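Bear in mind that the values in this text are calculations on the coordinates, not laboratory data. Values in this document were obtained by computation on a predicted structure and should not be read as measured data. Please note: Cβ atoms are built from the backbone with ideal geometry, for glycine as well, and neighbour counts cover all protein chains shown.
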Amino acid sequence: MTHTPPLDGEGDEDPDAPPGTARLRTRLSWRRTALSATGVMLLTLKTALIQQNVAGRALIIAVAALGWLGLLAICRKRIAAMTGTPPAPAGWSPAGMALGIAGFAVLGIAAAVLP
Amino acid sequence: MIFRTVRQWFDPREVRSEGTRPDYRYSLANERTFLAWIRTGLALIGGGLAVAGFLPQLRVTHLREGIAVVLLVLGGAIGLHAVDHWARSERAMRLDQPLPPSRFPAVLAIALALGALLLVLILAVGGMRE
């Protein structure tokens, strides 16, 4: 008897599993990531409030809000592109997410270090 | 070399010109691994921001900011590592090669364990300002 082991131990690549769960799990994974990005954006706003410099504070809040909207747009676009069969390749979405994360790190450093 | 790597992150057409397209479920599994790394990076960035925003000042000057910056830099580095590993794995699957090995998880685990130990020591010796 031959049995193909699942790819990642969660079973949906099992030939007997209902079709489409790989796509569903990937979509939910993008949603979880968008949710995490929202949490980080809120924490960035909270940290920006300790800034004494009003202009710096406003700039950090504005950039954080725009960056968050950008990350949400990437997640939304990728989820929408996943409906075809086979789903469209990820394209530049991973690179966009990674740059967004790096940008939030830089913004966080500015919020934490600047007086 | 570095330029080509970075270009592959943004323009996977170059990757798609090589080899054959793997079963899309493999690509989606690779994408989920990438997203799990991204959330790990976001968690560290959130941790750094929480240290900067909520932790009281420590006795050692700028120690609080130092901890925050280390966590934030680590979070950003994880994001860049994630996309690099994703692109290299995608390429390896197309060329039917073994997935790229990485020391990054081990290094990260050790760095985080040492960092946590350091924080425990700081708290144990009363690093908080009264």
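Before moving on, here are some points about what is shown:
- Exposure proxy ranking, count of Cβ atoms within 10 Å, fewest first, for B:Phe3, B:Phe10: B:Phe3, B:Phe10
- Computed across the range A:34-113, the Kirkwood radius stands at 13.5 Å (inverse of mean 1/r, all Cα pairs).
- Charge dipole (Cα centre; +1 on Lys/Arg Cβ, -1 on Asp/Glu Cβ; no other charges) of the range B:18-117 amounts to roughly 160 debye.
- Highest mean packing first, where packing is the average number of other Cβ atoms within 10 Å per residue, the peptides A:93-99, A:21-27, B:17-23, A:38-44 line up as A:93-99, A:38-44, A:21-27, B:17-23.
- Whole-Å distance, taken between Cα centres, linking the range B:35-54 and the range B:95-109: 22 Å
- Label-to-label distance for A:Ala73 and B:Leu119 is 3.4 nm, based on points extended 7 Å past Cα in the beta-carbon direction.
- The packing ranking, built from the mean of other Cβ atoms within 10 Å per residue, places the peptides B:40-47, B:75-82 in the order B:40-47, B:75-82, highest first.
- Overall shape of chain B was characterised from the C-alpha gyration tensor. The equivalent ellipsoid obtained from it has semi-axes of 39, 13, 12 Å, in decreasing order.
- Peptide B:44-56 has a mean shielding of 6, counted as Cβ atoms of other protein chains within 10 Å of each residue's Cβ.
- For A:27-38, mean number of other protein chain Cβ atoms within 10 Å: 4
- The protein assembly as shown pair-distance distribution - Cα-Cα, 10 Å bins, rounded %: 7, 28, 30, 21, 10, 3, 0
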